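The values are calculated or read from the model by the stated rules, or taken from the named source; none is laboratory data. Predicted, not measured: the structure shown is a model, and the values here were computed from it. Here Cβ is always computed from backbone atoms with ideal geometry, including for glycine, and neighbour counts include all displayed protein chains. Surface accessibility is based on the protein's heavy atoms, side chains included, excluding ligands, DNA and RNA. Shrake-Rupley method; radii C 1.70, N 1.55, O 1.52, S 1.80 Å.
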Amino acid sequence: KDGSDFLMKILSAPTRIGRQPAVVANVVDVTAQRRAEQVLRESEARFRTLIEKAPVAINIMRGNKTLYVNQKYLEMFRLESRDEVVGRSLDEPWPPESQHQLMAQVFQRGLGLTAPAPFEAIALRHDGARFPVDVSMDVLALPDGPAIVGFLTDITDLRRAEAELSASAEETRQLYARLAKVEDDERRALHAELHDQVGANLSALRLALDVAASMLERNEDRLKALQHLS
């Protein structure tokens with residue numbers, strides 16, 4: 001009545017009023033419903049953008065199948081398209097030693113059980129290269145049922161840095177050990193030098209002083225005693 005537009009849904013069916021044909025129509029105002037659908041689409045678009053731009057690899061799985069992976073996942077596993085992983089078995093990009101651990105985590109999450117998160121595993125790139133990843137999982141509610149969402153972080157650089165730091169610490173420890181040995185060797189050499197040379201010199205000096213004292217006690221020539229002291 002005020003001239004504003006609104007969306008309506010009309011369901012009509014033929015009927016008769018008395019002997020005259022007519023149409024019965026059910027008119028529903030769907031403005032709020034369409035607005036909610038638009039908000040939902042925008043929310044889904046923002047969510048998809050957030051997932052696609054995420055700095056960690058994300059995959060959504062149900063059972064033993066992959067439903068979705070983001071761009072970072074493709075880059076991490078060096079895949080060219082999602083067709084190489086979506087709809088395929090979840091354990092394909094994992095070596096045997098990691099498959100059991102991964103599937104156990106998925107099974108526990110699927111049952112709603114508490115699973116340790118995150119955990120570390122070894123993954124396989126598309127070219128067969130092995131690399132360490134940090135994995136965290138949680139349950140995701142989707143319109144067609146619950147699924148498992150996984151967050152994967154490549155920790156190759158972290159492990160390399162830790163190895164370099166450990167090697168540096170070991171080198172430092174060995175350096176300190178060598179310095180301690182050199183210091184001990186120097187201390188031993190100095191002790192031997194003091195004992196062998198300085199000790200002998202002190203003994204000789206004491207003997208010379210005893211001789212000078214004896215000369216003075218015997219009232220010998222003082223000049224001769226002074227020369228002896230010199």
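Numbers at a glance
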{"item": "Odd one out for Arg187 among (1) of a type outside the set (A, V, I, L, M, F, W, C); (2) at pLDDT 85 or above; (3) in contact with a Lys or Arg (Cβ under 8 Å, 6 or more places away or on another chain)", "result": "(3)"}
{"item": "Residues located in region 20-38, provided they are open to solvent by less than 80 Å² (accessible area, probe 1.4 Å), without any contact (Cβ under 8 Å) to a residue 24 or more places away in the chain and not in a strand (DSSP E or B)", "result": "Val30, Ala32, Ala36, Glu37, Gln38"}
